Amino acid sequence: MAHLFKPGALEGVRAVVTGGGSGIGLAISQTFLELGAEVVICSRKQDRLDLALAALSPVGKVHATVCNIREPESVESLGDFVAEKMGGLDLLVNNAGGQFPSPAEAIRHKGWRAVIDTNLNGTWYVTHEMANRFFIPSTSGTIVNIVADMFRGFPGMAHTGAARAGVSNLTQTLAVEWAKYGIRINAVAPGIIQSSGLDQYPPEFLQGIAAKIPMKRVGTTEEVADLVLFLASSMAAYITGETIYVDGGSRLWGDNWEVPDHDAFSVQSQSGES
Ligand code: ADE
């Protein structure tokens, strides 16, 4: 969709994209930069940021900093970095997240806590920091939360389904509470998207997946970025509190994947980090 927007459509917009160093977050950052926004990306991993900076610096004005969204102090430092580099903030994309497939009964408490901590608590820490520091004082701001295709629950990844549904509900609450501050907040729920995020799943988990999607193909990171762009733009000025799916129809029909047997494959890291 980016080409439907005039060149420079995001000129003067200052954005943060968490997890902007790879996958969907990288595509979102690239789209914003192409249209003239200034972007801070953050990730837990410096090497990921180095690679992303090399790719994004020729496109536009981009800054990168290490941040662990699970740690409120680290998120506060992200706020400092944003203030120092951009002097304010107009747009936040809560994209950082991660999970691992496992039958529910095999998820250890540590793995459960890690996924909730990253996807629900981390999203909240960043939202709370950026709202209190930038959006509420300036009575303006736009937030887009990246969640997941949890419309019919999330069989095979109970932890992330619970966390993402929490973020979707939080999106509704904050849309109402913060409308008086001029803040809009929406969520984007991607289905199966061809990106580095899929690397953490064993091949058998995704085997034949395209045939199960009503549109018979997986999505692209650009297709997710296009929806984020629309919601972030003034074209969506009267839309708030929504969760919109970009999933080729998966939420409505067909099996997503087989929930693996307890012993079908070893649950790798249980860290909940991508
Ligand atoms: N991406 C995945 N997990 C993350 C975390 N804890 N902090 C920042 N980005 C992440």
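The values are calculated or read from the model by the stated rules, or taken from the named source; none is laboratory data. Because the structure is a prediction, the values reported are computed rather than measured. A quick note on method: Cβ atoms are made from the backbone with ideal geometry, for glycine too, and the neighbour counts reach across all protein chains shown. For accessibility, only protein heavy atoms count, side chains too; no ligands or nucleic acids. Shrake-Rupley method; radii C 1.70, N 1.55, O 1.52, S 1.80 Å.
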Practice task
Residues that are in contact with a strand residue (DSSP E or B) (Cβ under 9 Å, 6 or more places away or on another chain) and open to solvent by 20 Å² or more (accessible area, probe 1.4 Å): find the strands (runs of 3 or more DSSP E) completely inside the stretch 5-68 holding 2 or more of those.
Solution key: 62-66
Practice task
Look through Thr123, Thr118 and report the one residue that is over 18 Å from Ile244 (Cα atoms) and open to solvent by less than 20 Å² (accessible area, probe 1.4 Å).
Solution key: Thr118
Handout entry: Qualifying residue in the stretch 80-98 (condition: open to solvent by less than 10 Å² (accessible area, probe 1.4 Å), within 16 Å of the ligand (Cβ to nearest atom), assigned to a helix (DSSP H, G or I) and touching a strand residue (DSSP E or B) at 6+ places or on another chain (Cβ under 6 Å))
Key = yes
Exercise for the section: Could you tell me whether Ser77 is closer than 26 Å to Pro137 by Cα, within 15 Å of the ligand (Cβ to nearest atom), open to solvent by 60 Å² or more (accessible area, probe 1.4 Å) and not in a strand (DSSP E or B)? Expected result: yes
Exercise for the section: Determine, yes or no, whether Leu170 is open to solvent by 20 Å² or more (accessible area, probe 1.4 Å) and modelled with pLDDT of 95 or more. Expected result: yes
Practice task
Taking Val144 as the residue in question, decide whether it is among the aliphatic types (A, V, I, L, M) and within 30 Å of Pro203 (Cβ to Cβ).
Solution key: no
Handout entry: the stretch 13-38: number of residues that are touching a helix residue (DSSP H, G or I) at 6+ places or on another chain (Cβ under 7 Å) and away from the ligand (no atom under 13 Å from the Cβ)
Key = 11
